[in-house]
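**Q** Let me begin by handing over the structure; questions about it come next.
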Amino acid sequence: MQRNPKRRAARDGAGKVVRMRGGRQKCIVLGVAGSIAAYKSAELASLLVKQGHNVFVVMTPDATEFITPLTLQTLSKNPVMTSFFDEKENWRPGHIELADRANLLLIAPATANIIAELAHGLANHPLAAIALATRAPILLAPAMNGKMWSHPATVENVEKLKLRGVEFIGPEEGMLACGYEGLGRLWNVADIAFRAEFLLARQENLIA
């Protein structure tokens, strides 16, 4: 399979850990949806922390079937939210606090289901609610079966989100967990971290 030269150039540029220059520590809410690619969120959380960010992981219920909250809590060095019922310690809803604090909402992997929920404004779990409440930039890294990615419903949902300013990275072509080869693999984790850094820097420049 022929590789995309732009894809290779992006990976070369993302090979190094990029640290924020000066300024206050940025808050990244890392959303993890229920995909086999959820295990890669551990590496992504680690990279974002190494880049100097304060990372808070929010998992959908299905995501906890693929990777444990404890793993991501250890790597992010912050509590992991999986349910509205995790929010009993404070009068203020924790998901709203995260939505307000976030400098970036990054969902990786983003499944067809979470993309549909965001497109239609559903909020039946903390991650979807944060996406609805935050005013921070949103970056989605899709991962799903290729037929699901190309389905007209998914295509329509992606276009709807793009019109609202949501950014996407990937998916890429390759062998998928379902046994098919095609477009649907989660983008390279280092590239996702690099794109997150770019969006944070761009947002900081816009505010300045």
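The values are calculated or read from the model by the stated rules, or taken from the named source; none is laboratory data. Bear in mind that the values here come from a model prediction, so they are computed numbers and not experimental data. For neighbour counting, all protein chains shown are included, and Cβ atoms are generated from backbone atoms with ideal geometry for every residue, glycine included.
**Q** For region 83-94, state whether one or more residues are surrounded by 20 or more Cβ atoms within 10 Å (Cβ to Cβ) and either at negative phi or touching a helix residue (DSSP H, G or I) at 6+ places or on another chain (Cβ under 8 Å) (or both).
**A** No.
**Q** Being closer than 18 Å to residue 184 by Cα and of a type in the set (Ser, Thr, Tyr) is the filter; apply it to region 132-165 and report the residue that is farthest from the chain's Cα centre (by Cα).
**A** Step by step, filter region 132-165, then rank; the result is 150.
**Q** Does region 61-71 contain any residue that is under 12 Å from the mean Cα position of the chain (by Cα) and either surrounded by fewer than 24 Cβ atoms within 10 Å (Cβ to Cβ) or closer than 25 Å to residue 145 by Cα (or both)? Spell out the reasoning first.
**A** So the first thing to find is which residues in region 61-71 are under 12 Å from the mean Cα position of the chain (by Cα), and the list is none.
No, the conditions are met nowhere in region 61-71.
**Q** Just give me the residues in region 151-181 being modelled with pLDDT under 95, out of contact with any helix residue (DSSP H, G or I) (no Cβ under 9 Å at 6 or more places or on another chain) and not aliphatic (A, V, I, L, M), in sequence order.
**A** Applying the first criterion (modelled with pLDDT under 95) to region 151-181 yields 170-181.
Add one more test, that the residue is out of contact with any helix residue (DSSP H, G or I) (no Cβ under 9 Å at 6 or more places or on another chain), and what stays is 174-175, 179.
Scanning region 151-181 gives 174, 179.
**Q** Looking at region 40-50, is at least one residue more than 25 Å from residue 203 (Cα to Cα) and either in contact with an Asp or Glu (Cβ under 6 Å, 6 or more places away or on another chain) or modelled with pLDDT under 95 (or both)?
**A** No, the conditions are met nowhere in region 40-50.
**Q** Determine whether region 60-71 contains at least one residue that is assigned to a loop (DSSP other than H, G, I, E, B) and either modelled with pLDDT under 95 or touching a Phe, Trp or Tyr at 6+ places or on another chain (Cβ under 9 Å) (or both).
**A** Yes: one or more hits.
**Q** Among the numbered criteria (1) touching a residue at least 60 places away in the same chain (Cβ under 8 Å); (2) farther than 21 Å from residue 85 by Cα, which single criterion is violated by residue 140?
**A** Among (1) touching a residue at least 60 places away in the same chain (Cβ under 8 Å); (2) farther than 21 Å from residue 85 by Cα, the lone unmet condition for residue 140 is (1).
**Q** Filter region 30-44 down to the residues that are part of a helix (DSSP H, G or I), of a type in the set (Gly, Ala, Ser) and closer than 14 Å to residue 141 by Cα and list them by number.
**A** Within region 30-44, 37, 38, 41 meet the criteria.
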